[in-house]
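Below: the structure, in structure tokens.
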Amino acid sequence: MWWNFLRTILFQFDPESAHHFGARVLQLFGWVTKGKMPLALHSPRKRSYQLGEFPLHSPLGLAAGFDKDGKLARGISALGFGFTEVGTVTPLPQPGNPSPRLFRLPHSRALINRFGFNSEGAVRVAERLRALRAEGGLPIPMGINLGKNKVTPMDRAAEDYVAAMEQLYAVADYLVVNISSPNTPGLTSLQEGDSLPGLLRSVRECRDRLAKQASGSPRPLFLKLSPDLTDPAMKEAVEQAMNAGFLGIIATNTSRRRELPGISALDLGMLGEEGGLSGAPLRAEALERIKKLRSWMPREACLISAGGLGGADDAEARLEAGANLLQVYTEFVYSGPGYPLDLAKKL
Ligand SMILES: Cc1cc2nc3c(=O)[nH]c(=O)nc-3n(C[C@H](O)[C@H](O)[C@H](O)COP(=O)(O)O)c2cc1C
């Protein structure tokens with residue numbers, strides 16, 4: 001009830017300002033709670049969930065893009081998420097696209113964004129996360145999602161992923177290669193081109209080198225894919241990632257498509273905005289995709305389902321269909337801060 005009231009007020013503001021306001025409150029919440037997970041999650045869960053070697057108290061993680069620079073991790077943990085993903089972080093700082101760059105489709109429970117990787121850059125984010133670890137760290141695993149700078153030529157993209165990883169490896173529990181954002185020119189073409197095996201190999205070799213230096217077990221690697229890939233292209237990318245020694249796949253990022261089910265006629269005016277669409281219109285195909293992806297991946301590989309995640313029934317259906325873990329962004333914005341704990345209690 002109180003969230004519906006607060007959301008009505010927040011939605012009077014432009015979406016990016018409302019996000020910044022919410023982020024400040026979440027930061028304060030994290031500071032007050034010191035990131036401790038909610039008491040309700042201390043009791044044994046119905047099922048056990050695992051991300052690499054980390055046991056999780058909930059299979060639900062916060063998807064990349066909400067906490068781009070790693071400022072909100074404690075607040076996110078205290079809300080009851082099982083894991084979180086910082087980023088996308090680019091090697092060098094960059095401002096992203098000009099505003100407005102975030103749009104609501106409230107009748108469809110969807111968003112369109114064209115942020116274009118606004119990032120404080122790998123050095124600054126690494127400093128912040130080192131400080132967080134020095135102060136005791138987080139009770140949940142934290143992944144870092146890596147991207148390329150807009151100015152880096154496409155044929156040098158691999159160097160950006162390596163450069164970002166060199167800065168961030170030591171403060172990440174897992175790492176994600178994001179080549180599926182629709183808002184960096186040319187980026188999604190990396191998923192299909194001849195350059196994919198080389199890029200994945202460079203990242204893997206860099207990870208192995210850093211793991212040796214750090215003398216711990218190697219941090220798991222994930223590849224995040226676009227929902228706009230054809231089935232054969234997605235299968236090929238999955239196989240490449242598995243061959244390169246990645247632990248898993250995050251499926252999926254936002255969509256460039258606009259002919260998706262469940263878009264309300266009341267939101268049609270927004271469809272002209274450029275960017276990636278997220279939220280409920282991705283739901284039906286996300287579930288279908290899990291079944292296919294699972295059949296293309298070895299049993300031990302980890303499949304994280306993202307894209308239009310809704311309530312507990314949808315979450316259950318995805319886990320049943322073969323997803324190991326789940327991520328959410330848009331439904332969290334619409335359902336509010338109680339959503340992660342509510343879902344975790346039901347799973
Ligand atoms: C405002 C916004 C910003 C996002 N930024 C990123 C990003 O920086 N990196 C990334 O990999 N995904 C990003 N995403 C995609 C989400 O992580 C997620 O994959 C996608 O939104 C589908 O999940 P959802 O339907 O639950 O939102 C962003 C999504 C939104 C809505």
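The calculated 222 nm mean residue ellipticity attributable to helices in the chain amounts to -11500 deg cm²/dmol, summing -39500 (n - 2.57) over DSSP H runs of n ≥ 4 and dividing by all residues.
One Cα centroid belongs to region 1-56, the other to region 156-218; the line between them spans 28 Å.
Taking the chain as a Gaussian network of alpha-carbon nodes connected by springs under 10 Å, the highest mean-square fluctuation of the residues GLN50, GLN240, GLN12 belongs to GLN12. Here the Karplus relation 6.51 cos²θ - 1.76 cosθ + 1.60, evaluated at θ = phi - 60°, turns the backbone of region 2-12 into coupling constants of 4, 5, 4, 5, 5, 5, 4, 5, 4, 6, 6 Hz, with x for every Gly and Pro.
Can you work out the base-10 log of I(q)/I(0) for region 205-339 at q = 0.10, 0.18, 0.22 1/Å, using the Debye formula on its C-alpha atoms alone? Rounded to two decimals, the profile gives -0.38, -1.02, -1.30. Across PRO139, PRO337, PRO185, mean-square fluctuation computed from a Gaussian network of the chain (C-alpha pairs under 10 Å connected) peaks at PRO185.
Sequence-distant contacts, meaning Cα pairs under 8 Å at least 6 residues apart, place the relative contact order of region 1-119 at 23 percent.
Regarding region 82-169, what's the average projected area of the Cα-atom convex hull, expressed in nm²?
On the way: hull surface 29.6 nm².
Mean shadow area of the hull around the Cα atoms is 7.4 nm².
The phi torsions of region 58-70, fed into the Karplus equation with coefficients 6.51, -1.76 and 1.60 and a -60° offset, translate into couplings of 8, x, 9, x, 8, 6, 4, x, 7, 10, 5, 10, x Hz, rounded to whole numbers, with Gly and Pro shown as x. Calculated accessible area for the chain comes out at 43 Å² per residue, all protein chains present (probe 1.4 Å; ligands, DNA, RNA ignored).
Within the set of other residues whose C-beta is less than 14 Å from the C-beta of ARG128, count the net charge using Lys and Arg as +1 and Asp and Glu as -1.
On the way: positive: LYS68, LYS71, ARG74, ARG124, ARG130, ARG133; negative: ASP67, ASP69, GLU120, GLU127, GLU135.
Net of charged neighbours comes to +1.
With a/c under 1.5 counting as rounded, go ahead and sort the chain into rounded, prolate or oblate using the C-alpha gyration tensor (a ≥ b ≥ c being the square roots of the eigenvalues; past the cut-off, prolate if a/b is larger than b/c, else oblate). In terms of gyration-tensor shape, rounded. Rolling a 1.4 Å probe over the protein heavy atoms of region 1-135, with every protein chain left in place, gives an accessible area that is 63 percent carbon and sulfur.
For the chain, what is the relative contact order in percent, using Cα pairs closer than 8 Å and at least 6 residues apart in sequence? Before the final figure, lay out each step's value.
Numbers: 701 pairs, mean separation 63.1, N = 347.
Here the relative contact order equals 18 percent.
Of the residues ALA18, ALA251, ALA73, the one that moves most in a GNM of the chain with alpha-carbon contacts below 10 Å is ALA18. Once all protein chains are placed together, HIS19 keeps about 40 Å² accessible to a 1.4 angstrom probe. Residues whose amide H lies under 5 Å from that of ALA306, counting only those 5 or more places away or on a different chain, are ALA251, THR252, GLN327; hydrogens are built 1.01 Å from N in the peptide plane.
The values are calculated or read from the model by the stated rules, or taken from the named source; none is laboratory data. As the structure is a prediction and not an experimental result, all values here were calculated from the model. Positions of Cβ are generated from backbone atoms using ideal geometry, with glycine treated the same way; all protein chains shown enter the neighbour counts. These accessible areas exclude ligands, DNA and RNA; they are computed on the full protein's heavy atoms, side chains included. Shrake-Rupley method; radii C 1.70, N 1.55, O 1.52, S 1.80 Å.
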